[in-house]
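Note sheet for the following structure.
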Amino acid sequence: MRADTKTFCCLIKGYANAGVFHKVDSVVKLANEMEIHENTSFYNAMLYACGKEGDLMKMEEVFKKMKEEECRPDVVTYSIMVDAYKKEAMDDKVHDLEQERLMICV
């Protein structure tokens, strides 16, 4: 049986919830080696892990890569990021994301 995108999403979220963020990087590298398709759910799992860890710079890098790869963000994407920014009281980022979400997620 071959692992798929959903398998890797579950692993990423599981490691993030367990607080073993170094494992998340390993899982992402393994997914790349196995040429796993990086869809919106995959990026959302990575964004969730970054937000859970509080690594907002990495979260922004993942979001940028997501857009560069022409993978369309969805409502879940923006919700994950808004929650992470709200935890850090970054109201300007929250406002910007909410405006972007209104334009993209129509």
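The values are calculated or read from the model by the stated rules, or taken from the named source; none is laboratory data. On a predicted model such as this, the values are computed, not experimentally measured, just so you know. Neighbour counts run over all protein chains shown; Cβ positions are idealised from the backbone, glycine included.
Quick look at the numbers
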| quantity | calculated |
| --- | --- |
| Flag if VAL27 is hydrophobic (A, V, I, L, M, F, W, C), closer than 15 Å to THR5 by Cα and either out of contact with any helix residue (DSSP H, G or I) (no Cβ under 7 Å at 6 or more places or on another chain) or at pLDDT below 95 (or both) | yes |
| Filter result (more than 15 Å from VAL24 (Cβ to Cβ), surrounded by 13 or more Cβ atoms within 10 Å (Cβ to Cβ) and in contact (Cβ under 8 Å) with a residue 12 or more places away in the chain) within the range 73-83 | PRO73, ASP74, VAL76, THR77, TYR78, MET81, VAL82, ASP83 |
| Residue within the range 23-35 that is surrounded by fewer than 13 Cβ atoms within 10 Å (Cβ to Cβ), without any contact (Cβ under 8 Å) to a residue 24 or more places away in the chain and of a type in the set (Lys, Arg) present | yes |
| Whichever residue in the range 73-106 is of a type in the set (Gly, Ala, Ser) and in a helix (DSSP H, G or I) and, among such residues, is nearest to LYS52 (Cα to Cα) | ALA84 |
| The range 18-35: number of residues that are part of a helix (DSSP H, G or I) and over 17 Å from LYS58 (Cα atoms) | 5 |
| Some residue of the range 36-52 being charged (D, E, K, R), in contact (Cβ under 8 Å) with a residue 12 or more places away in the chain, part of a helix (DSSP H, G or I) and crowded, with 16+ Cβ neighbours inside 10 Å | yes |
| Flag if GLY14 is modelled with pLDDT of 95 or more and over 12 Å from the mean Cα position of the chain (by Cα) | yes |
